[in-house]
1. Confirm whether A:Gly64 is under 35 Å from the mean Cα position of the chain (by Cα), assigned to a helix (DSSP H, G or I), within 28 Å of B:Gly70 (Cβ to Cβ) and within 12 Å of DNA strand D (Cβ to nearest atom).
2. If a residue must be assigned to a helix (DSSP H, G or I) and surrounded by fewer than 16 Cβ atoms within 10 Å (Cβ to Cβ), how many such residues does the stretch A:22-33 contain?
3. Among A:Asp18, A:Asp36, which is the only one that is over 17 Å from the mean Cα position of the chain (by Cα) and within 8 Å of DNA strand D (Cβ to nearest atom)?
4. Scan (1) of a type outside the set (Asp, Glu); (2) more than 21 Å from A:Leu120 (Cβ to Cβ); (3) buried (at least 16 other Cβ atoms within 10 Å of the Cβ); (4) away from DNA strand C (no atom under 16 Å from the Cβ) for the single condition A:Gly56 breaks and write down its number.
5. Checking B:Ser26 against (1) among the polar types (S, T, N, Q); (2) more than 10 Å from every other protein chain (Cβ to nearest Cβ); (3) closer than 30 Å to B:His145 by Cβ, which single condition isn't satisfied?
6. Return the residues of the stretch B:54-68 that are over 23 Å from B:Ala23 (Cα atoms) and either within 7 Å of another protein chain (Cβ to nearest Cβ) or touching a Ser or Thr at 6+ places or on another chain (Cβ under 9 Å) (or both); say none if nothing qualifies.
7. How about the stretch A:125-140: which of its residues are facing chain B (nearest Cβ under 10 Å) and open to solvent by less than 20 Å² (accessible area, probe 1.4 Å)?
8. For residues in the stretch B:37-50 being away from DNA strand C (no atom under 12 Å from the Cβ) and either of a type outside the set (Ser, Thr, Tyr) or in contact with a Gly (Cβ under 7 Å, 6 or more places away or on another chain) (or both), which is nearest to A:Ala69 (Cα to Cα)?
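The values are calculated or read from the model by the stated rules, or taken from the named source; none is laboratory data. Just so it is clear, the structure is predicted and the values come from calculations on it, not from any experiment. Please note: Cβ atoms are built from the backbone with ideal geometry, for glycine as well, and neighbour counts cover all protein chains shown. Each accessible area value is taken on the protein alone, full model and side chains, heavy atoms only, with ligands, DNA and RNA left out. Shrake-Rupley method; radii C 1.70, N 1.55, O 1.52, S 1.80 Å.
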There are 2 protein chains.
Amino acid sequence: MPRKRNAHRSPDLPTLADVARLAGVSEITASRVVRDRGPIADSTRTRVLTAIAELGYIPNRAAGSLASAGSTLMSVLLPSLSNIVFPDVLRGIHSALTHTAYQPVIGVTDYDPLIEERILLSFLAWQPAAVILAGLHHTPTARRHLEHGRFRVAELMDIDGDPVDIAVGMSHRQAGYETGRHLVQRGYRRFGYAGHSVATDDRASARYEGLCTSLREAGLSLIAEHRQPGPSSTKAGRESLEILLGAEPSLDVVVFPNDDMAMGGIFHCMHSGIAVREKLGIFGFNGLDIGQAMPMPLSTILSRRFLIGLTAAEKLIESRERPQEKTIINTGFDIIEGATA
Amino acid sequence: MPRKRNAHRSPDLPTLADVARLAGVSEITASRVVRDRGPIADSTRTRVLTAIAELGYIPNRAAGSLASAGSTLMSVLLPSLSNIVFPDVLRGIHSALTHTAYQPVIGVTDYDPLIEERILLSFLAWQPAAVILAGLHHTPTARRHLEHGRFRVAELMDIDGDPVDIAVGMSHRQAGYETGRHLVQRGYRRFGYAGHSVATDDRASARYEGLCTSLREAGLSLIAEHRQPGPSSTKAGRESLEILLGAEPSLDVVVFPNDDMAMGGIFHCMHSGIAVREKLGIFGFNGLDIGQAMPMPLSTILSRRFLIGLTAAEKLIESRERPQEKTIINTGFDIIEGATA
DNA sequence: TTATTTTATGACAGCGCTACCATAAAACGC
DNA sequence: GCGTTTTATGGTAGCGCTGTCATAAAATAA
């Protein structure tokens, strides 16, 4: 016995068949108008569009996706939303997708590759057109799915490694390295590092290692370091610097893993009457607006988060097919001299 | 002539039929195991799960969605991602969805109801289980779809109005009102307002009006105000205060639409040697961490962004059916006395 | 003119899954 | 022991759309 049409649906939403009937054309022709595919006579198009407007027709993307074995969804997997960095990336992605049919589906991994894998698999159930992830480090299972899937893949932020398809970002190792060179050149010798405890933030680790390398080459090293438990925040930066200076008051410069924490460092200095730059240099990473709006602009490195997201999404929608060649796009970085180091 | 199975697909992904065949059960039984529905014998479940693992089966959500006329997608429409406020809301939403099957699809409206309408319609094509929007003000078309759709609806941030289904947030009018009362009580008399030009930020407007009302009741009024062109930012706050004080140096307190801009105001004072609180009170809105990490914590109002997102998403997934009664949840706010006003 | 290409449209099956109904076997009530 | 409920499973149709192939009409070429 056939199930009553739309038996479990209410109210009865108009379908493409309703549109076709009203416009006096076949379903497939109506479909072509909706998708703007193939040759359609102007008069036909008009009739169909009128019918669509009249019925308030909304296409069913699940049906379309099933029939065509593909969707216009773009899976975006970000490590975190707490820091403005990833919302900035997301803004860039969104900006590239604004006037396209693509829609971002987002997941948050908490910097955990296993969570990333779990969310990735659940996203793949939607047959996304593309997947965006942060970093080049994934679980073997995730990597396997990324490599064999029929979708484009972009790995963001970092470019030190071998991407699946497209990588867009900068060399964090080099950023750390240049931070060290810059500060040594400015005369700083007694280096401290005030970080946080999320060890899986691969980018922060890469910058840290780059910093150590350049110090080593200059015959120097980190005299003291402290990692505050928990995630990165302004408060954590403030506390971290306080503890660091308590243990080792002789430092003349402290590098932070990002601007938020560096701002906290500056606040600690303001509170404790430590003359920033003269007595203690403070250096961050990211080049956030707020740091540059301070009376004493933060010395930091500008990362181009928005551009990274924008570029990645634009590249992804260029072609449905994954090309033979892998693409690596270096968005670079700039040292912002600022007034704090 | 029948189309070759999976003709336009490569490689051939395993389907539920493959799983069922390998496990020696019917498709529907395999489907029940995947979805954890109905009574299944333990031995059967095990066989099916083994088959799933062996084949690396990933369910096709488009097919599932089509067959069941519903999805596990949650459409999230936010005005902006530039300010940390909406990422905070998104974190809350995400947090509520973490161990559920729901997945957020996000769109950014730029505070424009027409863009909101356009994105909403494109999201409805996925038959979402729920829709989350900011504010209670939408286009008539959007409102109509929200009211007649077979999905739950949550309108976030503001509760001053008539929601479609669920509203979660606080009264921004009241927050503005309390801001005025608080500052008058602390002895401030010569009020200024340093805002930005995005007139469609309904919440900021509501707070502004609440502030004006309480000042009026106290026999006072805004002596001067300035709105910096463009969106809210720390830099805009700094510039806005500078212009405001240039036009009216006699102010003893300035209210900002949010903490970002208020921080900019403080930076202007630091730069110009104006003693904050003694010479000029500064008041913000949101209670961002960074403002509280300053040596002189920002006087502001704590809005509970994370909680708003979390509560809304939790409420939405409680039931698929929209209840008769509308729900309004007031997450409230707190005045943070701080040290700047 | 006639042959060929281009333009415009349609018939139809099937994408992979789940709602609906049916059924058989096991457990339970009295 | 016999009817009733519960548990476990399956057959089948169809969700709404689009890929494939076919076809007719119009435009172009020879």
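1. The answer is yes for A:Gly64.
2. Selection size over the stretch A:22-33: 2.
3. A:Asp18
4. It fails just one condition, (3).
5. (3)
6. Passing the criteria: B:Ala62, B:Ser65, B:Leu66.
7. Matches in the stretch A:125-140: A:Ala125, A:Trp126.
8. Per the stated criteria, the residue is B:Leu49.
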